[in-house]
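**Student:** The following block contains the structure, expressed as structure tokens.
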Amino acid sequence: MSYFAASIKQMLGANPGKPAPEDYSPEAREIHVVKKGRKETKAELMAIEEAHALHERRHLWRKRRWMTLILVNLLFVVSYYFDVQLLEGALTASRFIGFHMADLNSALQVMLAFKHVVLNLLIGTVTVFILWILVGGRTFCSWVCPYHLLAEWTETLHLWLEAKKWIRPVTFHRGARTIFYVLFALLALVTGYTVFETLSPTGILSRAMIYGPGLALLWVLLLLLFEVFVSRRAWCRYVCPIGLTYGLVGSISPVRVKYNLKDCHHEGNCRKVCLVPHVLDMTIKGRAADVDVPVGADCTRCGLCVDACPTSSLTYEVLGLKKLQ
Ligand code: SF4
Ligand code: SF4
């Protein structure tokens, strides 16, 4: 199966699994044989662990991302309060120095509910579509979505409770998100209302920051509590159709994270920090079919794995340009 088709299948809910023997490149096969025969000493394993911990503490990409996310959302607030007409509206639909921008998923929901193509929305959708192809699809999730940031912060609490063994985390099938995607589209079509928009914490938080808080914030609080005490990052992993929409856009983006097999220790720290660990399946010993493997479309380009990897086995790349540091 082609890389592209496998990446989309995984995003819709399929498990990655081991590549077929004929899919391995000769170079990758050679590296796997060498690594299989090598057994690290206790001292080497400790050194690897230390190197990972040291590298991760820098949180280079996380700092850049959090700063960008806060700045983008602040720009909406400042533009509204000071009426500077730089970035008008909210994340679902806005105007950036005169350019119409419409969130792809919201636009789809509105057109399904209205049952006709809304011209302004279509123009805004094209602008956003091109923008997110250029910057990497689900980059929207981790670099712009305010709910992502809140969920990332509360995730720390979930992990702490889990480490203390005070909660037993619940997981669901990732395919649930695909079912919710269809369900929300059908609901818009049948009811004539954009049901998802009422429930979307992305829109609720964006509007609350710009126009002031409302009762809908209680729903966001409920979601966060569910993620802290029951299921880690449940909304983004199993429900949110925005992630799926932008994931599809990102499948053809030149901005992505790339894995290199050579120096990988395969201890899996990158998978532990990742919101969508299935895209890092190739970091498991024996899994990478090639020496260089691009990370799948479901990747949010958050950079947590890049921060976690001391061997630069995971790096950002822009196709045709040098890798980003
Ligand atoms: S890619 Fe993942 S498993 Fe490999 S060295 Fe980096 S953090 Fe460790
Ligand atoms: S693969 Fe890396 S960049 Fe992509 S979502 Fe996971 S941690 Fe973030």
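The values are calculated or read from the model by the stated rules, or taken from the named source; none is laboratory data. Just so it is clear, the structure is predicted and the values come from calculations on it, not from any experiment. Neighbour counts are summed over all protein chains in view; Cβ atoms, including those assigned to glycine, are modelled from backbone coordinates with ideal geometry. Just so you know, the surface numbers come from the protein's heavy atoms only, side chains and all, with ligands and any DNA or RNA stripped out. Shrake-Rupley method; radii C 1.70, N 1.55, O 1.52, S 1.80 Å.
**Student:** Exactly one of (1) under 27 Å from residue 273 (Cβ atoms); (2) open to solvent by 10 Å² or more (accessible area, probe 1.4 Å); (3) of a type outside the set (Asp, Glu) is unmet by residue 101. Its number?
**Tutor:** Going through the list (1) under 27 Å from residue 273 (Cβ atoms); (2) open to solvent by 10 Å² or more (accessible area, probe 1.4 Å); (3) of a type outside the set (Asp, Glu), residue 101 breaks only (1).
**Student:** Under 7 Å between Cβ atoms, at least 6 apart or on separate chains: pull out the pairs that start in segment 208-235 with a residue that is touching a residue at least 60 places away in the same chain (Cβ under 8 Å) and end on any residue that is exposed (fewer than 13 other Cβ atoms within 10 Å of the Cβ) and outside any helix (DSSP H, G or I).
**Tutor:** Close Cβ pairs (under 7 Å, with a partner that is exposed (fewer than 13 other Cβ atoms within 10 Å of the Cβ) and outside any helix (DSSP H, G or I)) amount to 230/170; 231/170; 231/171; 231/172.
**Student:** Within segment 1-20, restricting attention to residues that are under 15 Å from residue 283 (Cβ atoms) and assigned to a loop (DSSP other than H, G, I, E, B), which residue is most open to solvent (accessible area, probe 1.4 Å)?
**Tutor:** Selected residue: 18.
**Student:** Separate question: Taking only segment 21-30 into account, find how many residues are surrounded by 15 or more Cβ atoms within 10 Å (Cβ to Cβ) and free of Cβ contacts under 8 Å to residues at least 12 places away in the same chain.
**Tutor:** Total meeting the criteria: 0.
**Student:** Regarding residue 179, is this residue open to solvent by 50 Å² or more (accessible area, probe 1.4 Å) and of a type outside the set (Gly, Ala, Ser)?
**Tutor:** yes
**Student:** Could you please give the count of residues in segment 127-140 that are open to solvent by 80 Å² or more (accessible area, probe 1.4 Å) and either β-branched (Val, Ile, Thr) or in contact with an Asp or Glu (Cβ under 7 Å, 6 or more places away or on another chain) (or both)?
**Tutor:** 1
**Student:** Still on this structure, I have one more. Condition (residue is in the same structural domain as residue 105 (by TED's automatic domain parsing), in contact with a Cys (Cβ under 9 Å, 6 or more places away or on another chain) and β-branched (Val, Ile, Thr)) applied to segment 150-170: is it met by at least one residue?
**Tutor:** no
**Student:** Among what's in segment 169-212 and is more than 17 Å from residue 238 (Cα to Cα) and not in a helix (DSSP H, G or I), pick the residue that is nearest to the chain's Cα centre (by Cα).
**Tutor:** 194
**Student:** Being open to solvent by 40 Å² or more (accessible area, probe 1.4 Å) and hydroxyl-bearing (Ser, Thr, Tyr) is the requirement here; does residue 211 meet it?
**Tutor:** So residue 211 passes the test.
**Student:** Continuing with the same structure: For residue 224, all conditions in the list (1) away from ligand 1 (no atom under 15 Å from the Cβ); (2) under 18 Å from the mean Cα position of the chain (by Cα); (3) in a loop (DSSP other than H, G, I, E, B); (4) of a type outside the set (Lys, Arg) hold save one; what is the number of the exception?
**Tutor:** The failed condition is (3).
Listed here are the residues, each with its yes/no results for (1) in contact (Cβ under 8 Å) with a residue 12 or more places away in the chain; (2) touching a helix residue (DSSP H, G or I) at 6+ places or on another chain (Cβ under 9 Å); (3) open to solvent by 50 Å² or more (accessible area, probe 1.4 Å).
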| position | (1), (2), (3) |
| --- | --- |
| 32 | yes, no, no |
| 38 | no, no, yes |
| 51 | yes, no, no |
| 62 | yes, yes, yes |
| 66 | yes, yes, yes |
| 72 | yes, yes, no |
| 78 | no, no, yes |
| 84 | no, yes, yes |
| 91 | yes, yes, no |
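**Student:** Being farther than 20 Å from residue 249 by Cβ and charged (D, E, K, R): is that true of residue 83 here?
**Tutor:** For residue 83, the condition - farther than 20 Å from residue 249 by Cβ and charged (D, E, K, R) - is met.
**Student:** Is there a residue in segment 141-156 that is outside any loop (DSSP other than H, G, I, E, B) and loosely packed, with under 15 Cβ neighbours inside 10 Å?
**Tutor:** Yes: segment 141-156 contains one or more residues that are outside any loop (DSSP other than H, G, I, E, B) and loosely packed, with under 15 Cβ neighbours inside 10 Å.
**Student:** Here is a further query. Tell me yes or no: at least one residue of segment 224-236 is polar (S, T, N, Q) and more than 16 Å from ligand 2 (Cβ to nearest atom).
**Tutor:** Yes, the conditions are met somewhere in segment 224-236.
**Student:** Then there is this: Among the residues of segment 314-323, how many are surrounded by 15 or more Cβ atoms within 10 Å (Cβ to Cβ) and either away from ligand 2 (no atom under 15 Å from the Cβ) or in a loop (DSSP other than H, G, I, E, B) (or both)?
**Tutor:** 0
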